[in-house]
Amino acid sequence: MKYTALSVAVALGLATPAQSAVSGFFDAAEQVQAIVASTMVSSAMKEMPFDTLEQVRTRDNGDVEWRVQNSECYVIVTLKPIRPAALGKTTYEVEGVSTCEGSDIEDEAE
């Protein structure tokens, strides 16, 4: 009886999908890659190069917000995590981009 319970527990453990843990560095790199590759972000930023890229927060639903700024304005980018169906890393897609608002970077000419 003891072996039956053990074999059932092992079988149930093997039946669950495998999860792969990716370090925080590589997960953040995946997020940055999604932002930089997005035409929605480049259009909102008027195709100007960005000066700063900063993670703002992770929402309760798992979406991640980043602030992307250039010398003229900044946008808030919302990323939606795409979990792997089986073993693999989480990827991200841009779910939303705010309008470009005033920048808080000081004008270097002043």
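The values are calculated or read from the model by the stated rules, or taken from the named source; none is laboratory data. Please read all numbers here as calculations on a predicted model, not as lab measurements. Cβ sites come from the backbone with ideal geometry, for glycine too, and all protein chains shown count toward neighbours.
Quick notes on this one:
- Positions within the range 70-92 being more than 23 Å from residue 48 (Cβ to Cβ), touching a helix residue (DSSP H, G or I) at 6+ places or on another chain (Cβ under 8 Å) and either modelled with pLDDT under 90 or not hydroxyl-bearing (Ser, Thr, Tyr) (or both), in sequence order: 89
- Residue in the range 55-65 that is modelled with pLDDT under 95 and touching a Pro at 6+ places or on another chain (Cβ under 7 Å) present: yes
- Restricting attention to the range 47-69, the residues that are closer than 14 Å to residue 98 by Cβ, touching an Asp or Glu at 6+ places or on another chain (Cβ under 7 Å) and in contact (Cβ under 8 Å) with a residue 24 or more places away in the chain add up to 3.
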